[in-house]
Amino acid sequence: MTDRSEVVVVGGGAVGASCAYFLARAGRQVLLLERGDLCSGSSYGNARFVPPSRSLPLSVPGIIGKTLRGTLDPNASFRLKPRLDRELAAWLWRFRAACNPEAVQSTTRLTLDLIRRSIELYEELATRDGLEFGFRRNGLLALFQSDLGRAASLAEAETLRGYGVASELLDADAVRRLEPRVTPAVEGGVLYPEDADLDPPRLVRELVAGAEAAGARVQTGTEVLRLRRQGRTITEIETNRGTLTPKRVVLANGAWAGRTAAELGLRLLIQPGKGYGFSLSAGEDGGSVPMVFSEKRTTLTPKAGGGSWVTGKLDLLGFDQSSGGRRVAAIPETVRGYVDVGEVEVLERWFGYRPLTPDGLPIVGVHPAVENLILAVGHGRLGIGLAPVTGQLVTELAAGVARSFDLEPLRPDRFERRRA
Ligand SMILES: Cc1cc2nc3c(=O)[nH]c(=O)nc-3n(C[C@H](O)[C@H](O)[C@H](O)COP(=O)(O)OP(=O)(O)OC[C@H]3O[C@@H](n4cnc5c(N)ncnc54)[C@H](O)[C@@H]3O)c2cc1C
């Protein structure tokens, strides 16, 4: 395999596809490599939100104790399997350091700005560029059915209001006007009108087609086995289909980036945060407002053509391949506690790995030790919400022009051991 592409993008999920799109449209010669099919990673089965309302990081004070207690509760939303793993230990150490009010504040502010920029870009992609990916700005509804759920939902809305995220408290009748199928058990909800949602597999297809129309080439079934460097430059990409000699590499392979970067002697500290998704026949005549079920931390997103996509759980189990057993089997049933959807038929079961950084921010930037490597990884729970802005930032980095954001908090070497 020979190639003269100026930029090789590794990873065909939402982030890699966005990078390829913006780079190709800026006139770069792009080759996108994906080891499986396009959109076969975390981008496939997520909750589909582009959510300013989900800008708060996981690393809030008190979360570690709660998660550890979850190891004993099979139904807990977060789960950690304690194990001897140096990378996990280093990740938890950094995570703990990020669990403080100042860090939460700066992370939330930046995340919110980035998601809002993404929403603008999604609007441009849909209207100016004519891409069709089911982009809707119908808001997000956080439903509750207990005093505890109400208190948690109101506290979250109040915190978010402090960052300028608008919300509206709805009583049960107002909720029912928006989503007539909610059950009598639902006591109310919080509506976040700024939130959007979309169809991620269509998004990836459209971005890739747009990139190809602008001259990019795409190779699926091509796994990057190793990146080789001499000094400060990547000189070769070894794949299962031959070796490439790129001018520049954009690493956008999600939860697997830590392994790829380790081959270059770099430490990214990304842990796979396993989550589960289910396609349900439920809701043929469904509404169009995505929902979060506050007590269960489960989501339901109505699909445009009927049916719904349901997601839940965050498990720190490494690249665990199990189906999740009884712990996740009940997720589709939780829907019926909130929305009267009649018979629930599960059409598809899925799991994927959120690429989680300890501080909740993605890693975007040129690595200081490897000058032709741009990282675009670690988007955690928000890769759909952050994909287009990442594509734009990577394109700016490749051009070496002034950046639209201060990238210091996202810098790629921030988890490396401090040198004396
Ligand atoms: C249950 C769940 C719900 C979620 N809900 C939301 C949500 O509502 N909103 C939101 O914004 N985010 C959400 N997320 C997170 C979001 O899905 C991810 O942040 C996002 O998909 C990451 O995109 P990516 O392109 O970086 O990674 P991926 O989509 O995982 O893509 C990486 C790609 O790289 C490929 N790859 C890996 N290694 C190699 C290699 N060596 N060579 C070639 N190719 C390689 C993989 O096959 C994969 O296709 C959710 C995640 C989960 C699990």
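Listing for the model above:
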{"item": "Candidates 110, 125 - the one that is under 18 Å from the mean Cα position of the chain (by Cα) and either assigned to a helix (DSSP H, G or I) or charged (D, E, K, R) (or both)", "result": "110"}
{"item": "Filter pass, residue 221 being within 11 Å of the ligand (Cβ to nearest atom) and surrounded by fewer than 23 Cβ atoms within 10 Å (Cβ to Cβ)", "result": "yes"}
{"item": "Residue 319 being out of contact with any Ser or Thr (no Cβ under 9 Å at 6 or more places or on another chain), touching a residue at least 40 places away in the same chain (Cβ under 8 Å) and of a type outside the set (Asp, Glu)", "result": "yes"}
{"item": "Residue check for residue 376: closer than 22 Å to residue 43 by Cα, crowded, with 18+ Cβ neighbours inside 10 Å and of a type in the set (Gly, Ala, Ser)", "result": "yes"}
{"item": "Residue identified as more than 22 Å from residue 331 (Cβ to Cβ) and either surrounded by 21 or more Cβ atoms within 10 Å (Cβ to Cβ) or not basic (Lys, Arg) (or both) among 73, 37", "result": "37"}
{"item": "Cβ pairs under 8 Å, 6+ apart, first in the stretch 99-125 and closer than 13 Å to residue 404 by Cβ, second among the small types (Gly, Ala, Ser) and surrounded by fewer than 20 Cβ atoms within 10 Å (Cβ to Cβ)", "result": "117/404"}
{"item": "From the options 38, 84, residue that is over 21 Å from residue 372 (Cβ atoms), within 16 Å of the ligand (Cβ to nearest atom), not in a helix (DSSP H, G or I) and not small (Gly, Ala, Ser)", "result": "38"}
{"item": "Residue identified as surrounded by fewer than 20 Cβ atoms within 10 Å (Cβ to Cβ) and in contact with a Leu (Cβ under 6 Å, 6 or more places away or on another chain) among 120, 158, 168", "result": "168"}
{"item": "Matching strands (runs of 3 or more DSSP E) fully within the stretch 328-420 where at least 2 residues are within 30 Å of residue 187 (Cα to Cα) and more than 12 Å from the ligand (Cβ to nearest atom)", "result": "346-356"}
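Yes or no, residue by residue, for (1) closer than 22 Å to residue 356 by Cβ; (2) away from the ligand (no atom under 13 Å from the Cβ):
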position	(1), (2)
231	no, yes
234	no, yes
241	no, no
248	no, yes
280	no, yes
298	yes, no
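Each value in this text was obtained by applying a stated rule to the coordinates, not by laboratory testing. None of these values were measured; they are calculated from a predicted model. Heads up, the Cβs are rebuilt from the backbone with ideal geometry, glycines too, and the neighbour counts pull from every protein chain shown.
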